[in-house]
Amino acid sequence: MGAVHEGRRYMTDSVGSQLLNLRAGTGARGVENRSQPSPTSGEATKGVGRMTLGPGRWAKVAVAALTAAAMTGGIACKKPDPSMKDAVAEERDAGAPVATKFTKVTEEKMPPRLEVTGTLDPDERSEVAAQTNGTVTAVNIDIGSIVKKGDILVDLDPREASMKLDVANATAASQRARLGLKGANKFEADGVADVKMAREAAELAKTDFERTKMLYEQGAISKAQFDQAKTNKERADAAYDSARNGAEQAFVSLLASQSQAGLSSKSLDDTKIRAPFDGTIESKRIAPGEFAAMGKVVAVLVRDNPLRFKFEVPEAQTALVNLGSKIDIRVAAHPDKIFKGEVKRVGASVRANTRTMPVEAEVANTDRLLKSGYFARGSVELAGELRPVLLVPKNALIPTGGGSRIFVKKGDKVEERLVSTGAAQGDLIEVTGRLTAGDEVAVENVSSLADGIAIAN
């Protein structure tokens, strides 16, 4: 409005200056005209456009000009300013009463709790590596892929391993045929054909030797014949032993061939690199066409259900944290959600440099809302006597960067308070701050409230 008044004053001053100039010029021309002789009729005709104003006419012109200026200024004052109109509307809307409902802050006794911070780590992390050499033909996973135990992550070229398996199986089959083994027959050296023939020859030579020996003792045959029979028996026994040894060596070779066939089968199976457990792929480190040497890491797999919440407990509270202690966990990514956990591992000793003890809790992550590496805040249930705590409905809170906001009824207005949240019990949650039991807090339209705003009856 100041700019409008300034413009009107400038316009009025300008018109006044022009009128003063007009008056001065008119007066001069009047004096000049009075000092000159009267013009002739022709000159009078030419001077119709030039008029000299007397004092009465000058006053009328001045009044008309000032009236026009006043009208122009009035119009300028009445012209609406959009920005000012919006500001007034916003101010009016901000002060308008807001309809809401209230509920009272309640007090209950709960176990003492310890607030901690820590990091979420996977339950297991595995760098999955190739167990055999081969060229990558397919990569079936990518970052974030969810896999089950046994799923194929990467395929290697199986042709070489397949051919080695065929060779090993053929060798084993040949050796089984030589030993006369069929199906699941158990190996017996005397059952081998060569051994059986050698055994029969040895038994025949033994019988012949015993008959010759009896005849020799009776003097019916010469000593040369006796010696010949004895030599035949010894040769037959040696041949039998040799046949048995040969059969047993052949069986050992069969076992080696079968083991080689097993290794070849494993190598063929290793061309399919599988997930060792259920989890999520953290990183992929190979692509189709690359050569994967034995031991090369092709992917990193993490077991993210459950997750491990790792935190430190001050020395003074170590006796109050036990296996099975319950813990509520919050993360910045889901500020309005509480994740339940349970202490599963407690450190064996206190760290000398920090005077704290490492503790691990397991947190279920079935819906995979939590991610490995998240910074988290936890509230651990401690052993000890129950303590009084304040509880409010969860829908009364508005999360902020450092805690939560809540609106308390003060007469016909609401007052904003900053509070910190703790453990949850159903639809209620523990809070600490400038609250007392019995305070009434808003639970509806809380996003439309502000500090000091009026509430509708």
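The values are calculated or read from the model by the stated rules, or taken from the named source; none is laboratory data. Keep in mind that this is a model prediction, so the values were computed, not measured. For neighbour counting, all protein chains shown are included, and Cβ atoms are generated from backbone atoms with ideal geometry for every residue, glycine included.
Of everything listed in (1) hydroxyl-bearing (S, T, Y); (2) crowded, with 16+ Cβ neighbours inside 10 Å; (3) in contact with a helix residue (DSSP H, G or I) (Cβ under 8 Å, 6 or more places away or on another chain), the single unmet condition for T280 is (3). Every condition in (1) closer than 21 Å to A238 by Cα; (2) surrounded by 14 or more Cβ atoms within 10 Å (Cβ to Cβ); (3) hydrophobic (A, V, I, L, M, F, W, C) is met by M197 except one, and the failing one is (2). Every listed requirement among (1) modelled with pLDDT of 95 or more; (2) farther than 19 Å from T106 by Cα is met by V408 save one, (2). Scan E416, E385 and give me the residue that is assigned to a strand (DSSP E or B) and farther than 18 Å from D328 by Cβ. After applying the criteria, what remains is E416. Considering every residue within the range 382-403, establish whether at least one is surrounded by 12 or more Cβ atoms within 10 Å (Cβ to Cβ), in contact (Cβ under 8 Å) with a residue 60 or more places away in the chain and either more than 27 Å from P112 (Cα to Cα) or among the hydroxyl-bearing types (S, T, Y) (or both). No, the conditions are met nowhere in the range 382-403.
For the range 223-260, which positions are under 30 Å from K164 (Cα atoms), touching a residue at least 40 places away in the same chain (Cβ under 8 Å) and over 60 Å from the mean Cα position of the chain (by Cα)? Give the derivation first.
Filtering the range 223-260 down to residues under 30 Å from K164 (Cα atoms) leaves 245-260.
Applying the additional criterion that residues be touching a residue at least 40 places away in the same chain (Cβ under 8 Å) yields 246-248, 250-251, 253-254, 257-258, 260.
The answer is G246, A247, E248.
Has the range 173-189 got at least one residue that is in contact with a Lys or Arg (Cβ under 6 Å, 6 or more places away or on another chain) and either more than 17 Å from N245 (Cβ to Cβ) or in a helix (DSSP H, G or I) (or both)?
Start the filter on the range 173-189 by keeping residues that are in contact with a Lys or Arg (Cβ under 6 Å, 6 or more places away or on another chain), which leaves 189.
Checking which are either more than 17 Å from N245 (Cβ to Cβ) or in a helix (DSSP H, G or I) (or both) leaves us with 189.
Yes, some residue in the range 173-189 is in contact with a Lys or Arg (Cβ under 6 Å, 6 or more places away or on another chain) and either more than 17 Å from N245 (Cβ to Cβ) or in a helix (DSSP H, G or I) (or both).
The single condition among (1) hydrophobic (A, V, I, L, M, F, W, C); (2) outside any helix (DSSP H, G or I); (3) out of contact with any Asp or Glu (no Cβ under 9 Å at 6 or more places or on another chain) that I143 does not meet is (3). Checked against the criterion of being part of a helix (DSSP H, G or I), farther than 30 Å from V297 by Cβ and of a type in the set (G, A, S), the candidates A170, A220 yield just one match: A170. Beta carbons closer than 6 Å, at least 6 apart along the sequence or on distinct chains, pair a first residue in the range 299-312 that is of a type in the set (G, A, S) with a second that is in a strand (DSSP E or B) for A299/V128; A299/L153; A299/I281; A299/K284. Can you tell me which residues in the range 312-330 are crowded, with 18+ Cβ neighbours inside 10 Å and under 20 Å from A424 (Cα atoms)? V321, S325, I327, D328, I329, R330, listed by residue number.
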